[in-house]
Amino acid sequence: MEAACANVPALFLDVSDQTPINSIIFSHEDGTRLGVEHLIALGHQQIALLAGPLSSVSARLRLADWHKYLTRNQIHPIAEREGDWSAMSGFQQTMQMLNEGIVPTAMLVANDQMALGAMRAITESGLRVGADISVVGYDDTEDSSCYIPPLTTIKQDFRLLGKTSVDRLLKLSQGQAVKSNQLLPVSLVKRKNHPTAQYANHLSPHVGRFLNAAGTTSFPT
């Protein structure tokens, strides 16, 4: 790959920061850590993961780092599902999980579109986003603040990525030296769908009615 790019400026945006190649990427490690720490600070222990397609480098990195930070806090996810980045896959995977009687108090979702689908599945199941199941997305797309309720998510500044990428390519085309890998910062955008876990617990009447309708009498342990 390096040989192929030797005479043509090239920049990679979806690789591991451990790959020795010219790249600019957002810090997946910081993003996943912020999401996990946010839910743990609210008291959540029953957490489900909705990953992107594992053919994607970003999806694999986010999933691995979720596991790393959950394990550090002695938490094992009660469910793990794989979507394809689309809202429909988020809906289908979350609905399947709920229909199996698996009801987390919180979900970490690998992008905002799948989070939108997950929120629809939660609502259509008679549960409440936030009060029964909190959802953390990833990307902070422009419409995530307009979800009902507005989505708490990990912000990746794509304008910054675009500007930094163009600047890097211009420097390369001019023969200037640049460092091989550059990590861009991410941040947690807190919105309104995350009460503490005491409000999204096993005794919630909405959750109890859902479990009874599903023929399930208890949460997975």
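The values are calculated or read from the model by the stated rules, or taken from the named source; none is laboratory data. Just so we're clear, the structure is a prediction, and the values are computed from it rather than from any experiment. As a convention, Cβ positions derive from the backbone with ideal geometry for all residues, glycine included, and neighbour counts pool all protein chains shown.
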Positions within the range 86-112 being without any contact (Cβ under 8 Å) to a residue 40 or more places away in the chain and not in a loop (DSSP other than H, G, I, E, B), in sequence order: A87, M88, S89, F91, Q92, M95, Q96
Residue in the range 83-96 that is crowded, with 23+ Cβ neighbours inside 10 Å, modelled with pLDDT of 95 or more and among the aliphatic types (A, V, I, L, M) present: no
Residue that is modelled with the highest pLDDT, among those in the range 170-208 that are of a type in the set (G, A, S), at negative phi and not in a helix (DSSP H, G or I): S187
Residue within the range 68-76 that is closer than 23 Å to D143 by Cα and crowded, with 17+ Cβ neighbours inside 10 Å present: no
Single residue of the range 143-169 satisfying the filter (at pLDDT 90 or above and of a type in the set (D, E, K, R)) that is nearest to the chain's Cα centre (by Cα): K155
Extreme residue, farthest from the chain's Cα centre (by Cα), among residues of the range 131-142 that are closer than 18 Å to L34 by Cα and part of a loop (DSSP other than H, G, I, E, B): T141
Residue within the range 154-173 that is surrounded by 13 or more Cβ atoms within 10 Å (Cβ to Cβ) and under 30 Å from N99 (Cα atoms) present: yes
Subset tally (residues that are among the hydrophobic types (A, V, I, L, M, F, W, C) and surrounded by 21 or more Cβ atoms within 10 Å (Cβ to Cβ)) for the range 128-151: 5
Tabulated pairs, the range 65-78, first more than 11 Å from A48 (Cα to Cα), second of a type in the set (K, R), C-beta under 8 angstrom, 6+ apart or interchain: D65/R33; Y69/R33
Members of the range 54-82 found to be farther than 18 Å from S27 by Cβ, of a type outside the set (A, V, I, L, M, F, W, C) and not in a loop (DSSP other than H, G, I, E, B), listed by number: T71, E80, R81, E82
